[in-house]
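Quick notes on the structure that follows.
Read-outs throughout are calculated quantities, based only on the coordinates presented, and are distinct from any laboratory measurement. Here the structure is a predicted model, which is why all the values come from computation and not from measurement. Note that we place each Cβ from the backbone using ideal geometry, even for glycine, and neighbour counts take in every protein chain shown.
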Amino acid sequence: MLKRRVCHFSRTLREVRVLIFESEKTIPSSRYNSSMSTVLITGASGGIGYELAKLFARDHHNLVLVARSADKLAQVATELQAHGITVKTIALDLAAPPAPKFLFDQVQREGVIIDVLINNAGFGIFGEFAQMPEQEILGQIDLNIRALTELTRLFLPAMVKRRSGRIMNVASTAAFQPGPLIAVYYATKAYVLSFSEAIANELRHSGVTVTCFCPGATHTDFARRAGIENSRIFKLGAMSAEKVALDGYRAVMEGRTLAVSGVHNWVVAQANRLAPRKMATAVSRWVAEKVS
Ligand SMILES: NC(=O)c1ccc[n+]([C@@H]2O[C@H](COP(=O)([O-])OP(=O)(O)OC[C@H]3O[C@@H](n4cnc5c(N)ncnc54)[C@H](OP(=O)(O)O)[C@@H]3O)[C@@H](O)[C@H]2O)c1
């Protein structure tokens with residue numbers, strides 16, 4: 001057991017060296033230039049999804065952008081079309097059960113082939129589970145797990161058939177340990193990590209890559225919606241959405257199975273993997289607690 005953990009640790013240590021080395025370099029804009037492939041990004045009206053959309057647009061990928069706010073999506077589309085790409089927007093609440101299939105059918109009807117699927121839309125809610133409204137609990141499961149899984153299931157077969165495609169599922173450093181006071185969110189992200197790593201393995205000879213991308217605390221609208229702006233985790237410092245998106249962009253284009261954004265987040269994630277479960281849970285509660 002110990003030997004296995006040491007092997008795992010030294011393997012991940014090699015990976016982090018690559019990460020540190022790469023984050024010191026600036027990426028030339030042409031490195032991931034496309035021959036006009038199409039990328040579907042959920043949650044692209046703001047935050048990390050919007051920053052990812054900007055990176056794909058810069059490298060001339062066509063875009064299909066999805067979120068609930070039609071007006072924000074329209075603004076993003078107008079901005080990104082300046083790169084000479086096609087940008088379609090679909091305003092949809094992906095937490096609604098029929099939404100993923102509706103989105104898939106809409107894309108099919110328009111004859112658009114999706115080369116890259118970015119399952120980024122997600123949210124969390126702070127609070128003790130016993131007091132949390134059922135709607136908030138199920139909403140997180142519906143968006144973070146059900147919609148992500150269904151979209152993967154819908155878009156994957158055509159990628160496998162073409163023997164080409166990329167999927168990136170946005171999890172979180174929350175995926176690596178239980179999260180008291182934000183329990184459902186952490187559990188949904190643990191699902192995303194486990195699911196993504198498993199299907200990446202199944203697809204390893206298929207020509208399709210699956211990337212699980214794990215940001216840590218990031219300055220977006222996420223913390224406000226979750227009610228965790230005053231939690232230690234955000235008070236301790238958060239990364240910019242631009243930097244996080246660049247890490248995610250690089251990870252998906254390089255077909256990495258797992259990428260944690262930020263060296264400090266990578267170290268904490270690995271420590272949580274190795275630490276006794278009770279200790280990791282206690283520390284997780286401490287960082288989630290609110291400070292004045
Ligand atoms: N920010 C962080 O600290 C952090 C850390 C780790 C992981 N993450 C993960 O990163 C991903 C992106 O989060 P973010 O930080 O960029 O948050 P954000 O700023 O709140 O953006 C979330 C995006 O998802 C969309 N969205 C929310 N609910 C939706 C729904 N029901 N249907 C369709 N679209 C929906 C939002 O647009 P509309 O409101 O217009 O629908 C928005 O475009 C999430 O999966 C989150 O869990 C974030």
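By a straight-distance test (C-alpha under 17 Å), which aspartates and glutamates pair with Lys72 as possible cross-link partners, with residues fewer than eight away in the same chain excluded?
Output for Lys72: Glu51, Asp93, Asp221.
Counting only residues 5 or more places away or on other chains, whose amide H sits under 5 Å from the amide H of Thr89 once H atoms are built in the peptide plane?
Long-range HN contacts for Thr89: Leu65.
Report ³J(HN,Hα) in whole Hz for each residue of region 108-114, in order, from the Karplus equation J = 6.51 cos²θ - 1.76 cosθ + 1.60 where θ = phi - 60°; Gly and Pro get x.
These are the phi-based 3J(HN,Hα) values: 4, 4, 7, x, 8, 9, 8 Hz.
Compare the Cα positions of Gly122, Gly165, Gln140 along the charge dipole of the chain (+1 at Cβ of Lys, Arg; -1 at Cβ of Asp, Glu; about the Cα centre) and return the one farthest towards the positive end.
Gly165
Exceeding 28 Å between C-alpha atoms, which entries from my cross-link table qualify? They are Lys101/Lys189; Lys101/Lys235; Lys101/Lys278; Lys88/Lys161; Lys101/Lys243.
Listed pairs above 28 Å: Lys101/Lys235; Lys101/Lys278; Lys101/Lys243.
Please compute the contact order of region 176-292 in relative form: average sequence separation of alpha-carbon pairs under 8 Å and at least six residues apart, divided by the residue count, as a percent.
Result for region 176-292 is 38 percent.
Pull up all non-local amide H partners of Gly43: gap of 5 or more, or a different chain, and H-to-H distance under 5 Å with H placed in the peptide plane.
Those qualifying (amide H under 5 Å, at least 5 residues apart or on another chain) are Val66, Ala67, Ala121.
What's the center-to-center distance, using Cα atoms, between region 41-107 and region 197-228 in Å?
One Cα centre to the other: 17 Å.
Could you size up the charge dipole of region 73-178 around its Cα centre, putting +1 on the beta carbon of Lys and Arg and -1 on that of Asp and Glu, and report it in debye to the nearest 20?
Dipole about the Cα centre, nearest 20: 680 debye.
Just to confirm the filter: which trypsin sites (Lys or Arg not before Pro) across region 122-183 are DSSP coil and have at most 12 other Cβ within 10 angstrom of their Cβ?
Arg163
Using DSSP, restrict attention to beta bridges with both residues in the chain and report what percent are antiparallel, rounded to the nearest 5.
5
Just grab the label-to-label distance for Ala198 and Asp105, each label 7 Å out from Cα along the Cβ direction, in nm (one decimal).
Taking the simple label geometry, Ala198 and Asp105 are separated by 2.8 nm.
May I ask for the angle, rounded to the nearest 10°, between helix 277-288 and the longest principal axis of the chain, with both axes built from Cα atoms and the value confined to 0 to 90°?
Roughly 70 degrees between the two axes.
What FRET efficiency, computed as 1/(1 + (r/R0)^6) with R0 = 51 Å and r the Cβ-Cβ distance, is obtained for His205 and Ser292, rounded to the nearest 0.05?
Working from the Cβ atoms, E equals 0.40.
To the nearest µm²/s, what D does Stokes-Einstein give for the chain at 25 °C and 0.890 mPa s, using the Kirkwood radius over alpha carbon pairs as Rh?
The estimated diffusion coefficient comes to 126 µm²/s.
So what is log10(I(q)/I(0)) for region 38-116 at q = 0.12, 0.13, 0.17, 0.25 1/Å, when the Debye sum runs over its Cα atoms only?
Cα-only, vacuum Debye calculation for region 38-116: -0.29, -0.34, -0.58, -1.24.
Using only the alpha-carbon atoms, how far is helix 183-202 inclined from the longest principal axis of the chain? Give it as 0 to 90 degrees, nearest 10.
Helix 183-202 sits at roughly 60 degrees to that axis.
Report relative contact order for the chain in percent, whole number only (criteria: Cα-Cα under 8 Å, sequence separation at least 6).
In percent, rounded to a whole number, it is 18.
Cut-off under 13 Å on the C-alpha distance; same-chain residues fewer than 8 positions from Lys54 excluded. Which aspartates and glutamates are left, in chain and number order?
Those aspartates and glutamates meeting the cut-off are Glu79, Glu242.
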